[in-house]
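Remarks on the structure that follows.
The values are calculated or read from the model by the stated rules, or taken from the named source; none is laboratory data. Here the structure is a predicted model, which means the values were calculated and not measured. Cβ placement follows ideal geometry from the backbone for every residue including glycine, while neighbour counts extend to all protein chains displayed. Protein only, heavy atoms only, side chains kept; ligands, DNA and RNA dropped before computing areas. Shrake-Rupley method; radii C 1.70, N 1.55, O 1.52, S 1.80 Å.
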Amino acid sequence: TVGGVVLPLRFDSIHGVKGETHAATLLVETFIHPSHDLASLVQVLAGQKHGSELPANDISHCLRAFVALTRASDLIGVALFDEHSSQKEADGMATAGWNVERLK
């Protein structure tokens, strides 16, 4: 509840919401052996690298992230572990249009 308004929240996998549209989507970094799935996408989010330049396994992470982030009609968010992005990459994400908040 926010300000007396009940907000319906749904937690699901990317595959579970494929084809649906939502007001907002939060993509949360997870560990998929042998790495964290979004760590390799920081340079793509920062506009420093194109997804096609990634290794094959990371391209699959990039495609899943694309599916997740194109479900929202109004707001998207990406939650990454802080140690997976340098200040330079965070600055690049901000330049690319992301509102970057570093939480500690």
Inset, instruction - As a check on your grasp of the helix formula, calculate [θ] at 222 nm for the chain: sum -39500 (n - 2.57) over DSSP H runs of n ≥ 4, divide by the residue count, round to the nearest 500. - result: -7500 deg cm²/dmol
Inset, instruction - Find how much the distance from Phe81 to Leu103 grows on full extension, using 0.36 nm per residue of separation minus their present alpha carbon separation; answer in nm with one decimal. - result: 7.0 nm
Legend entry - Sequence-distant residues sharing a close amide H with Val78 (under 5 Å, placed H): Leu27
Legend entry - Structure-derived Cα extents along the principal axes in Å - corresponding label in (1) 41, 31, 28; (2) 43, 28, 23; (3) 37, 33, 26: (2)
Inset, instruction - Please turn the phi angles of the stretch 64-73 into ³J(HN,Hα) values with the Karplus equation 6.51 cos²θ - 1.76 cosθ + 1.60 (θ = phi - 60°), one per residue in order, whole Hz, x for glycine and proline. - result: 5, 5, 4, 4, 5, 7, 9, 8, 8, 8
Inset, instruction - For the chain, give the share of DSSP beta bridges that are antiparallel, in percent and rounded to the nearest 5; count only bridges with both residues there. - result: 35
Legend entry - Only Lys, Arg (+1) and Asp, Glu (-1) charged, at Cβ; the chain dipole about Cα centre in debye: 160
Legend entry - Restricting the stretch 35-104 to GluC sites (Glu not before Pro) in coil, as DSSP defines it, with at most 13 other Cβ within 10 Å: Glu101
Inset, instruction - Using a 1.4 angstrom probe on heavy atoms only, work out the carbon and sulfur share of the accessible area of the stretch 6-104 in %. - result: 60
Inset, instruction - Enumerate the calculated ³J(HN,Hα) couplings along the stretch 43-60 in order (Karplus 6.51 cos²θ - 1.76 cosθ + 1.60, θ = phi - 60°), each rounded to whole Hz, writing x wherever the residue is Gly or Pro. - result: 5, 5, 4, 7, x, 8, 8, 8, x, 5, 8, 7, x, 3, 5, 6, 4, 5
Legend entry - Surface accessible to a 1.4 Å probe, per residue, for the residues of the chain, Å²: 69
Legend entry - Sequence-distant residues sharing a close amide H with Leu38 (under 5 Å, placed H): Thr30
Legend entry - Exposed chymotrypsin sites (Phe, Trp or Tyr not before Pro) absent: longest stretch of the chain, with sites in DSSP loops and at most 12 other Cβ within 10 Å deemed exposed: 12-80
Legend entry - Among Gly19, Ser73, His84 the positive-end extreme of the charge dipole of the stretch 16-89 (Cβ point charges): Gly19
Legend entry - Accessible area, probe 1.4 Å, largest first, for residues Val28, Val6: Val6, Val28
Inset, instruction - Would you mind counting up the charge near Ser40? Only other residues with Cβ under 13 Å from its Cβ, with Lys and Arg at +1 and Asp and Glu at -1. - result: -3
